[in-house]
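Novice: I'd like to ask you about the structure that follows.
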């Protein structure tokens with residue numbers, strides 16, 4: 001397993017090979033592609049969590065779907081989005097990524113945002129296709145103004161050794177297929193929940 | 001009269017006050033656009049205040065008749081022009097508008113009209129797409145007739161309705177381009193201009209007399225005949241056909257595929273078994289087969305029809321044949337039309353429709369030329385945009401990549417919309433296989449969802465990329 005360098009990233013991005021790397025659109029190649037990282041921008045759509053009458057999310061209960069705890073909103077480039085302390089907001093990268101089957105990626109917050117109290121980290125499986133979901137939580141005690149279009153996270157790509165595997169989006173366990181907007185949790189579809197329901201019923 | 005002038009004016013004042021109350025409620029709502037708020041608080045309130053003053057003044061004078069200003073205010077009230085605006089603002093759902101496609105319309109209209117406007121989006125439960133202006137004509141009328149010149153918002157308000165369930169269905173967006181066509185036809189008086197190009201002295205036009213019955217022995221000369229067909233059939237048909245041409249000229253094949261999708265949506269099982277595609281002429285619409293011929297002609301006029309992939313060409317041809325061979329029966333109805341206080345009865349027949357088709361066919365070159373002139377070169381679909389669409393379908397959507405750019409150049413929105421249809425029709429099976437949706441449990445639903453998501457993303461990001469690179 002090795003980190004993919006700038007040169008290799010650019011080669012992959014311009015390659016015409018079928019199973020290559022796609023990151024689109026890259027608005028400023030010079031600024032976005034670093035020695036071994038790719039800066040990705042904040043997208044324009046947000047899912048904001050709301051306080052509701054129902055006191056908690058319950059993945060085992062289908063009485064109140066997760067989407068009813070969130071409200072979607074849109075900010076164009078140039079408009080601000082205020083992230084309040086301890087608020088959870090689901091956003092996504094502006095760029096759409098498709099990884100070849102022999103690369104996987106790690107996403108983390110750019111340090112300048114880290115220092116304001118934003119921490120994001122995520123893993124991209126090989127073959128992943130879609131925008132990257134960003135779970136934004138403001139850990140500082142002051143609200144932060146975020147602007148779509150600002151570079152917010154970095155992606156590091158690693159090569160995967162061993163046999164070539166099926167693309168992530170073809171995998172039967174994949175819950176997030178080719179997302180183009182921030183996606184809410186699909187925890188309710190987790191197969192283990194059914195096992196819990198069947199084998200460990202309440203009051204048994 | 002059992003109703004006194006006082007009763008009448010009191011009733012009118014009551015309605016105006018209720019409307020004012022409604023405006024107060026509307027002005028307290030939050031709008032993403034300051035213009036909407038300003039429009040309600042300044043302009044609509046100014047109108048209703050003025051109307052109240054007019055009615056109140058009339059109530060206090062001792063004359064038996066209404067003042068001219070009251071008659072005008074009452075006329076506007078009866079036409080529901082103000083109520084329609086308030087209703088549109090009240091029903092507007094700014095949170096759930098079809099953002100991505102709306103921006104395409106916004107850019108298109110802005111490029112054609114060079115003026116600012118607001119779009120009020122109204123989601124509907126039923127399958128209804130519409131696009132029309134609701135303020136500017138009233139504004140001009142008020143300025144002229146009541147000398148109201150202090151309006152603060154000098155822009156159009158376009159009311160856009162769309163079926164809630166199809167908010168994100170860009171594959172159906174071709175229908176919108178027909179509706180935008182209607183808007184452009186209305187705003188530019190295109191249908192009236194084309195109507196004037198009819199040879200009213202021709203034997204074909206004069207022969208339409210045979211289809212008209214005049215009550216009470218009134219006269220039916222050329223002037224009456226022109227007025228009758230200006231108010232029915234011909235002008236309506238011209239409007240529909242111009243809207244079709246404008247849709248084909250802007251979005252090309254995507255309009256045809258969207259339209260046929262809508263047809264599938266509205267075809268009953270009974271009609272399906274009887275090979276009975278609805279193909280009838282009516283007062284408002286020419287038959288689909290007639291429309292399809294013109295649509296095909298427009299595609300050929302653009303020199304893009306022959307460039308389409310064979311499968312798409314065959315599809316379009318098959319739609320045309322299906323209509324031409326439909327078992328649909330034309331119900332020949334008759335109906336009254338009132339022109340200058342005289343009633344005329346129009347009897348539909350094969351003869352009438354043949355003559356109307358003949359008259360309209362002579363106008364087609366004018367319609368095509370007017371549409372081309374109105375849209376301007378940059379807004380007319382061409383071979384390059386379709387080549388882009390074909391590449392996007394094959395190199396992008398088929399590979400589960402959005403068609404937002406090619407070689408770091410932002411994609412054209414019309415190419416994006418067409419690429420969705422190209423992908424759906426040309427690569428359906430391989431695309432389904434790629435995303436592991438081959439079990440068919442949801443039919444084409446998952447496929448449509450995926451294509452629409454990729455198109456939506458592309459429309460959004462390509463617009464930003466274009467501005468970034470400008």
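Novice: Do you know which residues across the range B:453-470 are more than 9 Å from chain A (Cβ to nearest Cβ) and at pLDDT below 95?
Specialist: Across the range B:453-470, the qualifying residue is only B:470.
Novice: Of the numbered conditions (1) more than 14 Å from chain A (Cβ to nearest Cβ); (2) closer than 30 Å to residue A:27 by Cα, residue B:443 fails exactly one; give the number of that condition.
Specialist: Among (1) more than 14 Å from chain A (Cβ to nearest Cβ); (2) closer than 30 Å to residue A:27 by Cα, residue B:443 violates only (2).
Novice: Within the range B:257-274, can you find the residues that are free of Cβ contacts under 8 Å to residues at least 60 places away in the same chain and within 30 Å of residue B:419 (Cα to Cα)? Even if it seems obvious, please write down each step before you answer.
Specialist: As a first pass, look at the range B:257-274 and keep what is free of Cβ contacts under 8 Å to residues at least 60 places away in the same chain: B:260, B:263-264, B:267-274.
Once the filter is applied, which keeps residues that are free of Cβ contacts under 8 Å to residues at least 60 places away in the same chain and within 30 Å of residue B:419 (Cα to Cα), the range B:257-274 yields B:260, B:263, B:264, B:267, B:268, B:272.
Novice: If you don't mind, another one. Any idea which residue in the range A:171-186 is modelled with the highest pLDDT, counting only those that are farther than 18 Å from residue A:45 by Cα and surrounded by fewer than 18 Cβ atoms within 10 Å (Cβ to Cβ)?
Specialist: From the range A:171-186, those farther than 18 Å from residue A:45 by Cα are A:171-175, A:186; that's our starting set.
Those still in the list that are surrounded by fewer than 18 Cβ atoms within 10 Å (Cβ to Cβ) too: A:171-173, A:175, A:186.
Details: A:171: 46, A:172: 38, A:173: 36, A:175: 43, A:186: 80.
Here the answer is A:186.
Novice: If you don't mind, there's one more thing I want to ask. Take the residues of the range B:162-201 that are without any contact (Cβ under 8 Å) to a residue 40 or more places away in the chain and touching a helix residue (DSSP H, G or I) at 6+ places or on another chain (Cβ under 9 Å): which is surrounded by the most Cβ atoms within 10 Å (Cβ to Cβ)? So that I can check it myself, show each step before the final result.
Specialist: Going residue by residue through the range B:162-201, those that are without any contact (Cβ under 8 Å) to a residue 40 or more places away in the chain are B:165-166, B:189, B:196, B:200-201.
Still in the list and also touching a helix residue (DSSP H, G or I) at 6+ places or on another chain (Cβ under 9 Å): B:166, B:200-201.
Working: B:166: 21, B:200: 15, B:201: 8.
Restricting to residues being without any contact (Cβ under 8 Å) to a residue 40 or more places away in the chain and touching a helix residue (DSSP H, G or I) at 6+ places or on another chain (Cβ under 9 Å), the top hit is B:166.
Novice: For the range B:397-426, enumerate the residues that are within 14 Å of chain A (Cβ to nearest Cβ), farther than 12 Å from residue B:459 by Cα and in contact with a helix residue (DSSP H, G or I) (Cβ under 7 Å, 6 or more places away or on another chain).
Specialist: Residues satisfying the conditions are B:397, B:398, B:400, B:406, B:423.
Novice: When the range B:300-338 is examined, which residues are found to be in contact (Cβ under 8 Å) with a residue 60 or more places away in the chain, within 26 Å of the chain's Cα centre (by Cα) and on the phi < 0 side of the Ramachandran plot?
Specialist: B:301, B:302, B:304, B:312, B:315, B:316, B:319, B:337 - these are the residues of the range B:300-338 that are in contact (Cβ under 8 Å) with a residue 60 or more places away in the chain, within 26 Å of the chain's Cα centre (by Cα) and on the phi < 0 side of the Ramachandran plot.
Novice: On to the next question. Counting only residues that are without any contact (Cβ under 8 Å) to a residue 60 or more places away in the chain and within 24 Å of the chain's Cα centre (by Cα), which one in the range A:44-56 is farthest from residue A:150 (Cα to Cα)? Talk me through it step by step, then tell me what you get.
Specialist: Looking only at the range A:44-56, we keep the residues that are without any contact (Cβ under 8 Å) to a residue 60 or more places away in the chain, and these are A:48-56.
Of the ones still in play, those that are also within 24 Å of the chain's Cα centre (by Cα) are A:48-51, A:56.
Values: A:48: 19, A:49: 22, A:50: 25, A:51: 28, A:56: 33 Å.
That would be A:56.
Novice: Test residue B:391 against the stated conditions and say whether it is within 26 Å of residue B:301 (Cα to Cα), touching a residue at least 40 places away in the same chain (Cβ under 8 Å) and either more than 10 Å from chain A (Cβ to nearest Cβ) or outside any helix (DSSP H, G or I) (or both).
Specialist: Values: within 26 Å of residue B:301 (Cα to Cα): yes; touching a residue at least 40 places away in the same chain (Cβ under 8 Å): no; either more than 10 Å from chain A (Cβ to nearest Cβ) or outside any helix (DSSP H, G or I) (or both): yes.
Spelling it out, it is not the case that residue B:391 is within 26 Å of residue B:301 (Cα to Cα), touching a residue at least 40 places away in the same chain (Cβ under 8 Å) and either more than 10 Å from chain A (Cβ to nearest Cβ) or outside any helix (DSSP H, G or I) (or both).
Novice: From B:204, B:244, which residue is in a helix (DSSP H, G or I) and surrounded by fewer than 19 Cβ atoms within 10 Å (Cβ to Cβ)?
Specialist: Details: B:244 fails: surrounded by fewer than 19 Cβ atoms within 10 Å (Cβ to Cβ).
Testing whether each residue is in a helix (DSSP H, G or I) and surrounded by fewer than 19 Cβ atoms within 10 Å (Cβ to Cβ) leaves just B:204.
Novice: With the checklist (1) surrounded by 14 or more Cβ atoms within 10 Å (Cβ to Cβ); (2) more than 22 Å from the chain's Cα centre (by Cα) in hand, flag the one item residue B:363 doesn't pass.
Specialist: (2)
Novice: Residues to consider are B:173, B:243, B:232; find the one that is outside the structural domain of residue B:90 (by TED's automatic domain parsing), under 17 Å from the mean Cα position of the chain (by Cα) and modelled with pLDDT under 95.
Specialist: Exactly one of B:173, B:243, B:232 is outside the structural domain of residue B:90 (by TED's automatic domain parsing), under 17 Å from the mean Cα position of the chain (by Cα) and modelled with pLDDT under 95, namely B:173.
Novice: Moving on. Tell me the residue from B:386, B:368, B:374 that is over 26 Å from residue B:462 (Cβ atoms) and part of a helix (DSSP H, G or I), please.
Specialist: Working: B:386 fails: over 26 Å from residue B:462 (Cβ atoms); B:374 fails: over 26 Å from residue B:462 (Cβ atoms).
Testing whether each residue is over 26 Å from residue B:462 (Cβ atoms) and part of a helix (DSSP H, G or I) leaves just B:368.
Novice: Still on this structure, please answer the following. Which one is surrounded by the fewest Cβ atoms within 10 Å (Cβ to Cβ) among residues in the range A:33-66 that are within 10 Å of chain B (Cβ to nearest Cβ) and in a loop (DSSP other than H, G, I, E, B)?
Specialist: A:44
Novice: From the list A:30, A:95, A:7, exactly one residue is modelled with pLDDT of 90 or more, outside any loop (DSSP other than H, G, I, E, B) and within 10 Å of chain B (Cβ to nearest Cβ). Which is it? Break it down stepwise before answering.
Specialist: Details: A:30 fails: within 10 Å of chain B (Cβ to nearest Cβ); A:7 fails: within 10 Å of chain B (Cβ to nearest Cβ).
Within the list A:30, A:95, A:7, the selection yields A:95.
Novice: If you don't mind, another one. Which residues, counting only those in the range B:118-135, are within 7 Å of residue B:158 (Cα to Cα) and without any contact (Cβ under 8 Å) to a residue 60 or more places away in the chain?
Specialist: Taking the range B:118-135 and keeping what is within 7 Å of residue B:158 (Cα to Cα), we get B:118-120, B:131-134.
Listed by number, the residues that qualify are B:119, B:131, B:132, B:133, B:134.
Novice: Could I ask something else about it? Here is a list: B:29, B:45. Which entry is outside any helix (DSSP H, G or I) and either surrounded by 13 or more Cβ atoms within 10 Å (Cβ to Cβ) or within 31 Å of the chain's Cα centre (by Cα) (or both)?
Specialist: Every option except B:29 fails the conditions.
The values are calculated or read from the model by the stated rules, or taken from the named source; none is laboratory data. Everything numeric here is computed off the predicted structure, so don't read it as measured data. Using ideal geometry, Cβ is built from the backbone for each residue, glycine included, and neighbour counts are taken over all protein chains shown.
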